Every structure is written in C-alpha cells, then in structure tokens.
Amino acid sequence: GAGVSQSPRYKVAKRGQDVALRCDPISGHVSLFWYQQALGQGPEFLTYFQNEAQLDKSGLPSDRFFAERPEGSVSTLKIQRTQQEDSAVYLCASSSGQESNQPQHFGDGTRLSIL
Amino acid sequence: GDSVTQMEGPVTLSEEAFLTINCTYTATGYPSLFWYVQYPGEGLQLLLKATKADDKGSNKGFEATYRKETTSFHLEKGSVQVSDSAVYFCALSVGRYSSASKIIFGSGTRLSIRP
C-alpha cells in the first residue's frame, strides 16, 4: 500500500485480556519499529526489527509485551494480561534499507483502551 | 541517557505571527535531529531534519538549525497559518544510519493559530 497500515484503529479490552495489534509496513521496507505514545506525551521506543530479526527490544516495558515479524513483512505486537497502564496509542514505523538515512514512515496508530 | 526537551505548550498565536518552538537535546555521539508534526486526526509526519552541526533543515516555510554548541534545534516560521495548527515533536536518533536507529521524542508542543 501507499503507507504504513495499522489495525485495528481502536481497541477496547478488559484488564487481564490479551490483545494483538497488527502493522503492515510499506512494501519492501526492511526496518520496522514499534513505539508507545501515552496521552499528552511523545512516542517512546519499544522494539526494532530488521527483516524478521528482532535486533532491539530494550524498550518493551515488561515480559507481557511480545512482538514478532516472522516473514520480514507484517508485524504483530502482543500484550498479555493487559493492565490499565497499557492504555496508549501504539505506533508502527517502517523505513527502507538497513544502512541508509531514509526517514521512518509512521502509521496512524492503534489506540488501546484498557477498562 | 539521550533525551530531548522542548517548550511546553499549548502555544496560541494569531495568523501571520512569528513562531519559535524551543528544543534542546542531550546525546552521546553525533545525533541526527528531527521535527515531526501531528495534524489533528492524522499520523506523525516528518517535517524536517538535520544530520550534522550547522545544517539547516527546512520545509513548508519552517526552519531549524542544528546548533552543536548550544545543543539546540529550535523550530521557526516567519508567518504562521491556521493550517499549521498541530502538535510538533522535536526528536533525535543516535546511530550511524537513521533508518536503523530508534527515535527519541520530546513531549510535544501543541500549536493553535487563531484566524
């Protein structure tokens, strides 16, 4: 597609439920990032993939958060046993090349609300 | 650690006024610097960037100069329009290639322009 696509746009879940958020990067983009944006704050880095390899997961806040990109294209961010503090907008970004100064292109995000 | 501090908002100006949004950073190494913009209901977009000291990034009438001596990257526009109303994020990445480096964002500055 023309841009980074994320689904669903909105997700409401009860505390304790598991959720899965999907990201379709721009076709051919090697690099894929996930960010978490709390209300009124800037995005914060969660994890980074280069093709199917997860090279940096230092930003994942707990072991309840898990991300995968098994075929080097679509990525899924999974949150297990959700807590209220997980409520945020989750942003996905992709970039072409692995050794370039091409910018990261952001999707519109998934707004997650935990009740 | 690496961080970005930007002017708190909200900032409200009249159309055609001069805009400055201050941004300072702390980083190891030599970061690339960015301004991202988030228009109402839309995703994050790269507004401009600078990759080395004394570089000036510019786009849509906005400018910012990479000042290593003051560790600053202030955003300016000579004459703002109502359509510039948005949230502006100052950001940096530290890494040889920005396509493979996480972005560290400031907390954002909401700008509102009165007709």
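The values are calculated or read from the model by the stated rules, or taken from the named source; none is laboratory data. Only a predicted model underlies this, so the values are computations on that prediction, with no experimental measurement involved. Cβ placement follows ideal geometry from the backbone for every residue including glycine, while neighbour counts extend to all protein chains displayed.
Within segment B:59-85, the residues that satisfy the criterion of being closer than 15 Å to B:Q6 by Cα and of a type in the set (A, V, I, L, M) are B:A64, B:L75. Here is the figure for segment A:95-115: residues that are in contact (Cβ under 8 Å) with a residue 60 or more places away in the chain and either in contact with a Cys (Cβ under 8 Å, 6 or more places away or on another chain) or facing chain B (nearest Cβ under 7 Å) (or both) total 9. Checked against (1) part of a strand (DSSP E or B); (2) touching a Gly at 6+ places or on another chain (Cβ under 9 Å); (3) farther than 19 Å from A:E44 by Cα, B:F34 passes all but a single condition, namely (3).
When A:A67 is tested against (1) over 30 Å from B:R110 (Cα atoms); (2) at pLDDT 95 or above; (3) within 12 Å of another protein chain (Cβ to nearest Cβ), exactly one condition is not met: (3). Pairing each residue of segment A:1-21 that is more than 14 Å from chain B (Cβ to nearest Cβ) and within 21 Å of A:S96 (Cα to Cα) with any residue that is surrounded by 14 or more Cβ atoms within 10 Å (Cβ to Cβ) and hydroxyl-bearing (S, T, Y), provided the two are 6+ apart or on different chains, yields no C-beta distance under 6 Å.
Yes or no: B:V94 β-branched (V, I, T) and closer than 21 Å to A:Q102 by Cβ? Answer is yes for this residue. When segment B:15-31 is filtered for residues that are surrounded by fewer than 19 Cβ atoms within 10 Å (Cβ to Cβ), part of a loop (DSSP other than H, G, I, E, B) and not hydrophobic (A, V, I, L, M, F, W, C), the ones remaining, listed by number, are B:E15, B:E16, B:N22, B:T28, B:G29, B:Y30. Could you check, for segment B:69-89, whether at least one of its residues is of a type outside the set (G, A, S), within 9 Å of chain A (Cβ to nearest Cβ), over 16 Å from the mean Cα position of the chain (by Cα) and surrounded by fewer than 14 Cβ atoms within 10 Å (Cβ to Cβ)? No, segment B:69-89 has no match at all.
Mind listing whichever residues of segment B:11-50 are touching a helix residue (DSSP H, G or I) at 6+ places or on another chain (Cβ under 8 Å) and small (G, A, S)? Answer for segment B:11-50, where residues must be touching a helix residue (DSSP H, G or I) at 6+ places or on another chain (Cβ under 8 Å) and small (G, A, S): just B:S32.
When A:K11, A:K78 are checked against the criterion of being over 29 Å from B:G1 (Cα atoms) and outside any loop (DSSP other than H, G, I, E, B), A:K11 stands alone in meeting it.
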